[in-house]
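Encoded as structure tokens, the structure appears first; notes follow it.
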Amino acid sequence: MAQALVRFLTAQKTVVDGKTVPVFAGVFAIFGHGNVAGMGEALYQVRDTLPTYRAHNEQSMAHAATAYAKAMRRRRMMACTTSIGPGATNLVTAAAVAHVNRIPLLLLPGDVFANRRPDPVLQQLEDFGDGTVTPNDVFRPVSRYFDRITRPEQIIPALARAMTVLTDPAECGPVTLALCQDVQAEAYDYPASFFEERIWSSRRQRPDEDELAAAIAALRAAQKPVIVTGGGTLYSEAEATLAAFADKHGIPVGETQAGKSALSHDNPLGMGAIGVTGTGAANELAADADLVLAVGTRLQDFTTGSWALFKGDKHRIVGLNTQPFDAAKHKALPLVCDARVGLELLSAGLGSWKAPAAWTQKAIEGRGAWLKTAARYTDASNAELPSDAQVVGAVQRAGKPSDIVVCAAGGLPGELHKLWQPGAPGGYHMEYGYSCMGYEIAGGLGVKLAQPDREVIVMVGDGSYLMANSEIATSIMAGAKLTIVVLDNRGYGCINRLQRATGGESFNNLLRDTRHEELPDIDFTAHAASLGAHAVKVKSLAELEAAVTVARGHSRTSVVVIDTDPLESTDAGGAWWDVAVPEVSVRPQVEAAHANYVKAKTLQSIGD
Ligand SMILES: Cc1ncc(C[n+]2csc(CCOP(=O)(O)OP(=O)(O)O)c2C)c(N)n1
Ligand SMILES: [Mg+2]
């Protein structure tokens, strides 16, 4: 069965830039009992057509696979195979990442014996009341399609279903096929047709006529329209269409974390980031907008300022999305279709209609003012302990337009969203659906496998680095060179700031505020060097710029470490974020924060 499964995977093809290529670029694998004998032997046989990469941590390897598919704009993907038990459940967090971010990912964890003869095997849970439960049942809520393969012929329909889910722009996400270990090793006479080459293409769904007409009418009636563009625009390869649409109709554009880099940084109607970590320019327009054209976005709370960002009287949302669930959020007028097709048809329907010139002009001026403000935060400085924003500025100055910056959690996503200036579409790779600490380095590996010709710069906090760093070694094994910039502020800086903002005492976030006998003086360069990377610690922003430039020249992964200020962050721009503050506390700071919280919540729209 395992041999048939991998042979099926090699026969799945797609067309990228006119070339027919395999859908599955490779398989990340950590073997154990439950996959080494079955899947391991099968993968060995196809190692030249479907390469196997050995990783160091299952969660990290699935992050790498997810990042690969995201960087390939969901056109191509990877699979992950694990042993049963801990190897399998180590994947679960990564499955959630792919699920939230709508990224195709094929997970093939090993499972217990279907024949139950040796029960309980090593790493098998025993549910006293349900003989069908195994640890892999935890994949159900984080999979778009879950199946347990208990007979060899089941993979015939299961893989067909898996492929439909993985290649569907509206449905795609993780697929988990839990492979019982005895079944992996069983023989079955599969029909030859099962192994025939199949070419998958990305569906460009066209809209319903009535939905299109309603959306056009709503746009025509708008005086103050804004576009919010999300990851869906990039997955649809609609960035040029979006730029043309904005320009033709004079509508300013704000970008979500997943959507950033769709518009060129110097587009006069590109307001940059929108929402909680948004620019002043984008958020001022959002507050006043009477129509929000939401393209390919899930409208998560960071985008909508927890639904307090859009304050315009009777503002209306048009939800252009392949997924009806997203298209109709907050009573949006749904326009269920592909982003590129939808924008083209809207534009044709709008004809020469343009937003009022004063509104467009206001946007252009707001953008200019924001760029001046932003530069104050990112400019070169001699600061002894630089801010994250100053580090962002230095890395940017050492960069090239084709670079891809990768990040996921901590204070950096906010700073990068506001301040990073991507040079080209896809140049900003942020995992901010699950914002999973530990995604950064593993994600960088996946991005580099997808885009070997572009420089991949991972920006990561000390906390995330310590949570997952072992794929530095994998990046060296795979020849997937990364430049990793570690911002060491000695703790969970952003959560400490959040704690203070909600009235809390600094507690259990920065290392100095923890219960400890002794504070560790963590030597990140020694650690990175021990994994095989070039490693250097820099003492200033000028040294950082020089070190990133040197790292560009290396063919092997580099880690550049800089100490940063844990208390500083960019206070310009931004919007309110709903974080629940205790209603009662013995501490007056919490009571004061709660009073502010109650006030802020009055601006939140509930459902509308
Ligand atoms: C796996 C995981 N655990 C916990 C969190 C909550 N969290 C978000 S940021 C953060 C601290 C990150 O620390 P660091 O990487 O040093 O970045 P900094 O906040 O200092 O910028 C924590 C604990 C998370 N996002 N992911
Ligand atoms: Mg930190």
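Its Cα centre serving as origin, the range 89-206 has a Cβ charge dipole (Lys and Arg +1, Asp and Glu -1) of approximately 660 debye. Think of the chain as a dipole: +1 on every Lys or Arg Cβ, -1 on every Asp or Glu Cβ, centred on the Cα centre; then among V36, P425, H554, P425 lies furthest on the positive end. When the Cα gyration tensor is reduced to axis lengths a ≥ b ≥ c, the ratio a/c is 1.5 or higher for the range 283-357, and with a/b not above b/c it is classed as oblate. Since only C172, L105, P207 are under comparison, the one whose Cα sits farthest along the positive direction of the charge dipole of the range 84-221, derived from C-beta charges on Lys, Arg, Asp and Glu, is P207. Relative to the 2.2 N^0.38 Å rule of thumb, the chain has a C-alpha radius of gyration ratio of 0.98. Set against the 2.2 N^0.38 Å expectation for a compact globular protein, the range 225-273 has a Cα radius of gyration ratio of 0.96.
How long are the semi-axes of the equivalent ellipsoid of the range 497-608, taking √(5λ) for every eigenvalue λ of the Cα gyration tensor, in whole Å from largest down?
40, 20, 12
With an a/c value of 1.5 or above and a/b not larger than b/c for the gyration tensor axes a ≥ b ≥ c computed over the alpha-carbon atoms, the range 120-213 is described as oblate.
Taking the charge dipole of the range 299-379 about its Cα centre, with +1 at Lys and Arg Cβ atoms and -1 at Asp and Glu Cβ atoms, the residue from N321, C337, T303 reaching farthest to the positive side is T303. In this structure L385 has an accessible area near 80 Å², from a 1.4 Å probe over the protein heavy atoms. In summary, the aspartates and glutamates within cross-link reach of K248, defined as a Cα separation below 17 angstrom excluding same-chain residues under 8 places away, comprise E239, D266, E344.
So, with +1 on the Cβ of K and R and -1 on the Cβ of D and E, and no other charges, what is the size of the charge dipole of the range 275-328 about its Cα centre, to the nearest 20 debye? So the dipole magnitude of the range 275-328 works out to roughly 120 debye. Across the range 136-263, the relative contact order, built from alpha-carbon pairs under 8 Å that are at least six residues apart, equals 20 percent.
Just list whichever of K224/K314; K418/K601; K311/K362 have alpha carbons separated by over 19 Å in the model shown. K418/K601, as the Cα separations exceed 19 Å there. Computed with a 1.4 Å probe on the full set of protein chains, the accessible area for W577 sits at about 90 Å². For the range 1-124, the square roots of the Cα gyration tensor eigenvalues, ordered a ≥ b ≥ c, give a/c of at least 1.5 with a/b no greater than b/c, which places it in the oblate category. Within the shell defined by Cβ-Cβ distances under 13 Å, the residues around A478 carry a net charge of +3, with Lys and Arg each +1 and Asp and Glu each -1.
Probe radius 1.4 Å, ligands and nucleic acids ignored: give me the carbon and sulfur share of the accessible area of the range 540-601 as a rounded percent.
Carbon and sulfur together cover 57 percent of it.
When R47, R54, R490 are compared by accessible area of protein heavy atoms, the largest-first order is R54, R47, R490, using a 1.4 Å probe. Here the contact order of the chain, divided by its residue count and restricted to Cα pairs under 8 Å and six or more residues apart, works out to 13 percent.
Ignoring the sites themselves, the chain has its longest run without GluC sites (Glu not before Pro) in a DSSP loop having at most 14 other Cβ atoms within 10 Å at 198-383. The chymotrypsin sites (Phe, Trp or Tyr not before Pro) of the range 66-136 that DSSP puts in a loop, and whose beta carbon has at most 10 other beta carbons within 10 Å, are F128. With n ≥ 4 as the cut-off for DSSP H runs, can you work out [θ] at 222 nm for the chain, using -39500 (n - 2.57) per run divided by the number of residues, rounded to the nearest 500? Mean residue ellipticity at 222 nm (helix-derived): -10500 deg cm²/dmol.
To make sure I understand the rule: partners must be aspartates and glutamates, Cα under 13 Å from the Cα of K13, and not fewer than 8 residues away in the same chain. Which ones qualify? Straight-line reach from K13, under 13 Å: E196, E197.
Rounded to the nearest 20 Debye, what is the dipole magnitude of the range 393-506 about its Cα centre when Lys and Arg each give +1 and Asp and Glu each give -1 at the C-beta?
About 220 debye.
Computed over the range 389-451, relative contact order equals 39 percent, with contacts defined as Cα pairs under 8 Å that lie 6+ residues apart. Counting protein heavy atoms only, the range 344-418 has 55 percent of its accessible area on carbon and sulfur, 1.4 angstrom probe. Rounded to the nearest 10 square angstrom, M72 shows an accessible area of 30 square angstrom against a 1.4 Å probe.
Rolling a 1.4 Å probe over the protein heavy atoms of the range 1-49, with every protein chain left in place, gives an accessible area that is 50 percent carbon and sulfur.
Taken per residue, the accessible surface of the range 344-425 reaches 41 Å², heavy atoms only and a 1.4 Å probe. Give the separation of the Cα centroids, the range 376-432 to the range 572-598, in Å. Here the two parts' Cα centres lie 29 Å apart.
Averaging Cα coordinates gives a centre for the range 4-70 and one for the range 471-505; these two points are 28 Å apart.
The values are calculated or read from the model by the stated rules, or taken from the named source; none is laboratory data. None of these values were measured; they are calculated from a predicted model. A quick note on method: Cβ atoms are made from the backbone with ideal geometry, for glycine too, and the neighbour counts reach across all protein chains shown. Remember, those area values only see protein heavy atoms, side chains included, never the ligands or the DNA or RNA. Shrake-Rupley method; radii C 1.70, N 1.55, O 1.52, S 1.80 Å.
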